[in-house]
1. Considering only residues of segment 155-176 that are of a type in the set (A, V, I, L, M, F, W, C), open to solvent by 40 Å² or more (accessible area, probe 1.4 Å) and near the ligand (Cβ under 10 Å from one of its atoms), which is farthest from residue 272 (Cα to Cα)?
2. Hand me the list of helices (runs of 4 or more DSSP H) wholly inside segment 151-228 holding 1 or more residues that are within 20 Å of residue 99 (Cα to Cα).
3. Out of (1) within 35 Å of the chain's Cα centre (by Cα); (2) surrounded by fewer than 21 Cβ atoms within 10 Å (Cβ to Cβ), the odd one out for residue 75 is which?
4. Please identify the pairs in which a residue from segment 329-355 that is modelled with pLDDT of 95 or more has its Cβ atom under 9 Å from the Cβ atom of a residue that is open to solvent by 40 Å² or more (accessible area, probe 1.4 Å) and part of a strand (DSSP E or B), counting only partners at least 6 apart or on another chain.
5. Under 7 Å between Cβ atoms, which residue pairs at least 6 apart in sequence (or on different chains) link something in segment 150-166 that is at pLDDT 90 or above with a partner that is near the ligand (Cβ under 10 Å from one of its atoms) and polar (S, T, N, Q)?
6. Looking only at segment 391-406, decide whether some residue is under 31 Å from the mean Cα position of the chain (by Cα), farther than 27 Å from residue 140 by Cα, surrounded by fewer than 17 Cβ atoms within 10 Å (Cβ to Cβ) and touching a residue at least 40 places away in the same chain (Cβ under 8 Å).
7. Evaluate the following for residue 143: is it of a type in the set (Val, Ile, Thr), closer than 29 Å to residue 270 by Cβ and either more than 16 Å from the ligand (Cβ to nearest atom) or modelled with pLDDT under 90 (or both)?
8. Return yes or no: is residue 292 of a type outside the set (S, T, N, Q), in contact with a helix residue (DSSP H, G or I) (Cβ under 6 Å, 6 or more places away or on another chain), free of Cβ contacts under 8 Å to residues at least 60 places away in the same chain and within 16 Å of the ligand (Cβ to nearest atom)?
Amino acid sequence: MQRESPKIGLVSLGCPKALVDSERIVTRLRAEGYQIVGDYDGADLVLVNTCGFLDSARAESLEAIGEALAENGRVVVTGCLGKEADLIRREHPGVLAITGPHQYEQVMGAIHDALPPAHDAFQDLVPEAGLRLTPRHYAYLKISEGCNNRCSFCIIPQIRGDLVSRPLAQVMFEAEALVRAGVKELLVISQDTSAYGLDLKYASSNWKGREYRTRFLDLAEALGSLGVWVRMHYVYPYPHVDDVLPLMAEGKILPYLDIPFQHANPRVLKAMRRPANQEKVLERLAAWRKIVPDLTIRSTFIVGFPGETDEEFEDLLDWLEEAQIDRLGCFQYEPVAGAPSNALTGAVPDAVKQERFDRLMELQQEISAQKQIAKIGREYDVIIDDVDEDEAIGRSFADAPDIDGNVYLDGENELEIGEIVRVRVNDADAYDLWGEVID
Ligand code: SF4
């Protein structure tokens, strides 16, 4: 059956830079199956790319918006005049959405909100869920690009710029498409997941007829309604993360948080240019574990940061004893070209870095082994990643793919990859579990 493509009329005003913006937007629209049409009548929606350089250009842009509204009625505005959203809304309160220049993600999000793309498996070159390099049953969901933090050891903000969040509805369209394509576990990633939406001032976004704000809590709620595993990575322990814990307690999202703490000593954290209130963090972890006793915290730490003294490293070990982090990755500090931390004095010799790394990992192994042993006799849902003639290998809520442990199910060679089964744990080591299927 021939699919009915949604049709978009485009009015492009302004300079060559605005024209390039229009070309990029049109390319994205075409790739997603939208049709671009040349008249107001035939369009389901009109996109007006405006200019705001001179008064005459602003007047022309406002006039073009008015004409599109009069002729078609459904108008999304983008481009330079989009920076003056109040002015546009005053003159034309009926516009559906307003975005600024070069905001491709936001324009696409606004269009998806107002006029969802149609997908046709027989016509589209790319599957609805996109081309993926992960197995069919789990997928990474990128919610933003760039980062507003300026950690001294990191050059990501230099390379990728400040935080640019994808509007919530846009993320949710992708998530739904992935679930329709068979994904059973969504792994939410970004550089700073808890800052999601800050750049958009947590703008509202319409998904399935309901208004959501583009922010961490609403995203967790919306994803939690899809009926698949949702795992949050790169979360910072800001106070608003507390709000997400009840969703974990209700089983809407996995009780798993990946929080890259990097260190615990206040001076080192300051030199790293990271928030340095680890006492508060300990309180927060304790409060979270009261709400969700099984909460699994994964984190990464850096040892041998320039100037790190023996005492400061000991502080980190003490803090880890208290924090009882469940899963931990450790890196020995390495200078990255262009990172501000290269200018710091007090380089730690490689042998000392190695020794600190070994001591930290030894401590973590003890913590981890105790936590794993406490799981013996308990039951968990396990998602199956691999099956061979001898066994099936899966993961529980506490294990992200590739970075955490596995659950081994001896003799289970008839399970399906992506299947979720109930398992009783009967053995454990510091990283992995062994168990049997009980349903
Ligand atoms: S380490 Fe992470 S939070 Fe810090 S600047 Fe880099 S990307 Fe941002």
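1. Among those residues, the one meeting the criterion is 159.
2. Values: elements: 156-160, 168-180, 216-224.
Those helices (runs of 4 or more DSSP H) span 168-180.
3. (2)
4. Matching pairs, first to second residue: 348/332; 350/332; 353/332; 354/332.
5. Filtered contacts from segment 150-166: 162/148; 163/148.
6. The initial filter retains those residues of segment 391-406 that are under 31 Å from the mean Cα position of the chain (by Cα), namely 392-406.
Next cut, farther than 27 Å from residue 140 by Cα only: none.
Among the residues of segment 391-406, not one is under 31 Å from the mean Cα position of the chain (by Cα), farther than 27 Å from residue 140 by Cα, surrounded by fewer than 17 Cβ atoms within 10 Å (Cβ to Cβ) and touching a residue at least 40 places away in the same chain (Cβ under 8 Å), which makes the answer no.
7. No.
8. Criteria not met by residue 292.
The values are calculated or read from the model by the stated rules, or taken from the named source; none is laboratory data. Remember, predicted model here, so these are calculated numbers, not experimental data. As a convention, Cβ positions derive from the backbone with ideal geometry for all residues, glycine included, and neighbour counts pool all protein chains shown. The protein model used for the area step is the full one, side chains on, heavy atoms only, and it has no ligands, DNA or RNA in it. Shrake-Rupley method; radii C 1.70, N 1.55, O 1.52, S 1.80 Å.
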